[in-house]
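Note sheet for the following structure.
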Amino acid sequence: SSYNLFYGSGFANVYITGRDTVLINGQFHPTPNEFTITSLTDETFYGAEINNNNLYMYNIHVPFEDGIQLKTENINVLLDGDVTISKSGSQNFIYSGKINIIDGKFYDNQGNMYEDMSGNIFLSPDENASHLDIHSITTINTSIIDVSILGNPNNPVTHFNDNEGRYNQTELLSMLAFGNKEITNDPSQIQDFITNYFENQVERNISHNTPLDEFQFSTSG
């Protein structure tokens, strides 16, 4: 069962060996353009519950150079790349390899659309060594805004650039979040903003680009 995380077809060669320690090694090659990931949520993997006395170790190579699709409620992207998925016992899955974003678009929960996506994601077993470099464009009041998301996937930095020079970073952030270029002090607007937008990045940008010395959102969202 995919637990509604993906659907499609592919070719697999998987070898299972061992007794107390069970080694699961092999390759899964998704069928080009016929494999779709439908969720990015962190779901529980139930395979290790078959026998809690055994140690299960996974190492699965997943090449998808010919393209797969990522399609969720707010993302529709074509990807290719080469990733290895590994896991030992009860630890989390570890991903290593490279993912290329060929094209696509995504929506934030404020209704802004980002399109013409491209870039790369480098995944390392050491999360601190992982890196992403993603670019897209969005439109604000007829201005084309270049959007770049760079750095570690757990703590990326987002840059906005108005090619026509009409708005600065602070104005662009406020317009994307609130629909106007004035920084608001309304607590309800701020909470709605953080619930739906780039949490860590917004905190850093507001603190850096406004007279506020410290800015931190606190929400249960």
Flag if SER90 is in contact with a Phe, Trp or Tyr (Cβ under 8 Å, 6 or more places away or on another chain), among the small types (Gly, Ala, Ser) and not in a strand (DSSP E or B): no
Please name all residue pairs, on different chains or six or more residues apart, with Cβ atoms under 8 Å, provided the first residue is in segment 133-153 and is closer than 19 Å to GLY165 by Cβ and among the hydroxyl-bearing types (Ser, Thr, Tyr) and the second residue is in a loop (DSSP other than H, G, I, E, B) and open to solvent by 20 Å² or more (accessible area, probe 1.4 Å). THR138/ASN112; SER143/ASN163; SER143/GLU164; SER143/ARG166; SER143/TYR167
Kindly indicate which of ASN53, ASN92, ASN59 is at pLDDT 95 or above and either open to solvent by 70 Å² or more (accessible area, probe 1.4 Å) or of a type outside the set (A, V, I, L, M) (or both). ASN59
Please determine whether any residue of segment 67-77 is in contact (Cβ under 8 Å) with a residue 40 or more places away in the chain, over 15 Å from ILE24 (Cα atoms) and among the aliphatic types (A, V, I, L, M). yes
When the residues of segment 25-50 are filtered to those that are open to solvent by less than 50 Å² (accessible area, probe 1.4 Å), of a type in the set (S, T, N, Q) and at pLDDT 90 or above, which remaining residue is nearest to GLN91 (Cα to Cα)? THR38
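For (1) touching a Lys or Arg at 6+ places or on another chain (Cβ under 8 Å); (2) open to solvent by 50 Å² or more (accessible area, probe 1.4 Å), each residue gets a yes or a no:
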| site | (1), (2) |
| --- | --- |
| LYS98 | no, yes |
| GLY104 | no, no |
| GLU127 | no, yes |
| SER136 | yes, no |
| ASP162 | no, no |
Enumeration of residues in segment 110-125 that are surrounded by fewer than 16 Cβ atoms within 10 Å (Cβ to Cβ), in contact with an Asp or Glu (Cβ under 9 Å, 6 or more places away or on another chain) and more than 21 Å from ARG166 (Cβ to Cβ): SER118, ASN120, PHE122
One residue is enough: does segment 103-115 have a residue meeting the conditions within 25 Å of THR138 (Cβ to Cβ), touching a Gly at 6+ places or on another chain (Cβ under 8 Å) and among the aliphatic types (A, V, I, L, M)? no
Within segment 96-149, of all residues that are within 24 Å of PHE64 (Cβ to Cβ) and of a type in the set (Asp, Glu), the one modelled with the lowest pLDDT is GLU127
I need a count of the residues in segment 108-157 that are farther than 30 Å from GLN91 by Cβ and polar (S, T, N, Q). 11
Within segment 138-159, of all residues that are in a loop (DSSP other than H, G, I, E, B) and polar (S, T, N, Q), the one surrounded by the fewest Cβ atoms within 10 Å (Cβ to Cβ) is THR142
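The values are calculated or read from the model by the stated rules, or taken from the named source; none is laboratory data. Owing to the predicted nature of the structure, the values given are computational and were not obtained by experimental measurement. We place every Cβ from the backbone using ideal geometry, glycine too, and count neighbours over all the protein chains shown. Side chains included, ligands, DNA and RNA excluded: accessible areas come from the protein's heavy atoms. Shrake-Rupley method; radii C 1.70, N 1.55, O 1.52, S 1.80 Å.
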